[in-house]
Amino acid sequence: MKHSRNFIDLTNKKFGRITVLKFAKTNSGRTYWVCKCKCGNLKEIEGYTLRSGQTKSCGCLATELKRKRKTRLSHGMSGTRIHNIWIQMRNRCQNKNNQAYKYYGGRGISVDERWNIFENFLNDMGELYSQHITKYSKKQTTIDRIDNEKGYCKRNCRWATYKEQMKNKRVNRELLSKAGKLGAIARWGK
């Protein structure tokens, strides 16, 4: 097909998921082509964006990659209690803007590097989490460090109720060690 303007004919050429079907128009010095995407959508696309590699699909590729990324990152667990616990754990240790950072990351408490990937955390702690929520409920299930001077890792973490976690707080352990033979704080008020 002959056109009045000089341009590179892209008819029948492929660019990523796009196949150029025919010339569409020239507008403000730009040449547009009617294209068919692998997904079946028809769309007019500027020739330069095809030739430069800026356009590889009708938009379906970006949507597909975004969906795959979201699924890969969360394994469909986004918004669940265990996923939120994982996010909060990492935030208080790694985010200097987090209000609790000074008590965690600011004093050297870290998260095992493996646990920066949610799936690894889930593999290590997921079954124990399920057992704990069965016994105590989701609302009463928190991540607890056995030794409060050490970071979050499989060897140093367990699931605990809020009451159990309060007994394991650093301030309570300091008081207990100072109290010596007087016994647990929980018995002091009785």
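Per-structure values
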{"quantity": "Only one of Glu127, Glu119 that is loosely packed, with under 13 Cβ neighbours inside 10 Å, modelled with pLDDT of 90 or more, over 30 Å from Lys25 (Cα atoms) and of a type outside the set (Gly, Ala, Ser)", "calculated": "Glu127"}
{"quantity": "Set Arg67, Arg72, Arg114: member being at pLDDT 95 or above and either of a type outside the set (A, V, I, L, M, F, W, C) or not in a helix (DSSP H, G or I) (or both)", "calculated": "Arg114"}
{"quantity": "Lone unmet requirement of (1) at positive phi; (2) in the same structural domain as Asn148 (by TED's automatic domain parsing) for Gly40", "calculated": "(2)"}
{"quantity": "Number of the condition not met by Leu50 [criteria: (1) without any contact (Cβ under 8 Å) to a residue 40 or more places away in the chain; (2) in a helix (DSSP H, G or I)]", "calculated": "(1)"}
{"quantity": "Residues within the stretch 73-103 that are over 29 Å from Thr134 (Cα atoms) and of a type in the set (Ser, Thr, Tyr), tallied", "calculated": "2"}
{"quantity": "Of residues in the stretch 79-125 being in contact with a helix residue (DSSP H, G or I) (Cβ under 7 Å, 6 or more places away or on another chain) and small (Gly, Ala, Ser), the one farthest from Glu149 (Cα to Cα)", "calculated": "Ala100"}
{"quantity": "Residue tally, condition surrounded by fewer than 14 Cβ atoms within 10 Å (Cβ to Cβ), assigned to a loop (DSSP other than H, G, I, E, B) and more than 38 Å from the chain's Cα centre (by Cα), over the stretch 8-47", "calculated": "5"}
{"quantity": "Output for the stretch 117-153, where each listed residue is farther than 22 Å from Asn95 by Cβ and not in a helix (DSSP H, G or I)", "calculated": "Ser137, Lys138, Lys139, Gln140, Thr141, Ile146, Asp147"}
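The values are calculated or read from the model by the stated rules, or taken from the named source; none is laboratory data. Here the structure is a predicted model, which is why all the values come from computation and not from measurement. Quick reminder, even Gly has a Cβ in these numbers, built from the backbone with ideal geometry, and neighbours come from all protein chains shown.
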